[in-house]
Amino acid sequence: MTVVDAPGTAVLVPPGAAVPAAPPAETGLQEAWPGRRGRRSLTIPRSVRRLVGPLLLVAVWQALTAGGVVSARTLAPPADVYRAGLELWQAGELQAHLLASLRRAAAGLGIGVSVGVLLATITGLLRLADDLVDPAVQVLRAVPVLGLLPLVIIWFGIGEAPKIALVAIGTAFPVYVNTHAAIRGVDAKLVEAATTFGLRRGSLIRHVVLPGAVPGFLVGLRFALTGAWLIMIVAEQINAKTGIGFLMNEARVWFRTDIIVLGLVVYGVLGLVTDGIVRLLERTLLSWRRGFAGS
């Protein structure tokens, strides 16, 4: 007697012998991935595991400074940075500078993200707008943001406006590019199916095109958040009296590498926190989408 095995291989079974049962079919990409069978998932929460990388970075930093590979005057060790941060926090200075930076970043992000989404939606949905607007946006995107610093000072002065403007300009482009690409990347078969079921243009955009563009928008938002903190370091050195960038600039005058590194650490932590917020948004807004999450 001949029986076909699950993988498609013919197996000879003697007469009267029991026919081996076929193994249960695996469902889902995770179960079908090689090496997943028989493995147990780690019990450590993923949020805790994501902290291992930054902690290893701090450990390497401590080892380099403690071993004398890097001079403490060139790069302050973690203990000195911690003490400097504690002193500034107890004096209330660190909180004040941090809040000033957060206000500027929030204002610039609000403007930049809004402009980027608006332009991407218009050019993504309308071919004429794409032909007229997209080339100009691509030209402006190639101009270095910090290269606009002299013009921004001439246009907006040396108050808060140029700092917010630089962040807005630097965050608008990544949101625009990724959202525009996501809109144009919506599967045409979905559009055809929705049209077949009688959805009009407005409903089609609202229920098919825009939800399909959300993943691309979130990718652009992650790039925009990272860019905002990078631009803020330079922006807050334009006649600023508050902000983490101002704090770092003042520390440079007095050769306080511990405070300079503290400012960099604060920016890094802010980047990690904002990236976590976007990841939370992804899990909330894209709960309907199942994708590959690694093996």
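Scanning segment 48-71 for residues that are surrounded by 14 or more Cβ atoms within 10 Å (Cβ to Cβ) and part of a loop (DSSP other than H, G, I, E, B) yields one hit, 70. Do we find a residue being more than 21 Å from the chain's Cα centre (by Cα) and over 21 Å from residue 230 (Cβ atoms) anywhere in segment 169-180? No - not one qualifying residue is present in segment 169-180.
Can you pull out every residue in segment 73-125 that is within 23 Å of residue 235 (Cα to Cα), aliphatic (A, V, I, L, M) and more than 20 Å from the chain's Cα centre (by Cα)? Across segment 73-125, the qualifying residues are 88, 94, 96, 98, 99, 100. Exactly one residue among 213, 193, 224 is surrounded by 12 or more Cβ atoms within 10 Å (Cβ to Cβ), farther than 24 Å from residue 281 by Cα, modelled with pLDDT of 80 or more and not basic (Lys, Arg), and that residue is 193. Is it the case that some residue within segment 112-134 is touching a residue at least 40 places away in the same chain (Cβ under 8 Å), more than 30 Å from residue 208 (Cα to Cα) and not charged (D, E, K, R)? Scanning segment 112-134, I find no residue that is touching a residue at least 40 places away in the same chain (Cβ under 8 Å), more than 30 Å from residue 208 (Cα to Cα) and not charged (D, E, K, R), so the answer is no.
The residues on offer are 147, 212, 202, 220, and the sole one that is in a helix (DSSP H, G or I) and touching a helix residue (DSSP H, G or I) at 6+ places or on another chain (Cβ under 6 Å) is 220. Taken over segment 234-270, residues that are among the hydroxyl-bearing types (Ser, Thr, Tyr) and more than 14 Å from residue 80 (Cα to Cα) amount to 2.
Tell me, which residue of segment 263-295 that is modelled with pLDDT under 85 and in a helix (DSSP H, G or I) is farthest from residue 50 (Cα to Cα)?
285
Filter segment 120-134 for residues that are surrounded by fewer than 10 Cβ atoms within 10 Å (Cβ to Cβ) and more than 26 Å from residue 218 (Cβ to Cβ) and give the result. Once the filter is applied, which keeps residues that are surrounded by fewer than 10 Cβ atoms within 10 Å (Cβ to Cβ) and more than 26 Å from residue 218 (Cβ to Cβ), segment 120-134 yields only 128.
The values are calculated or read from the model by the stated rules, or taken from the named source; none is laboratory data. What you are looking at is a predicted structure, and each value in this text was computed from that prediction instead of being measured. Counting neighbours? That spans all protein chains shown, and the Cβs are built from the backbone with ideal geometry, glycine included.
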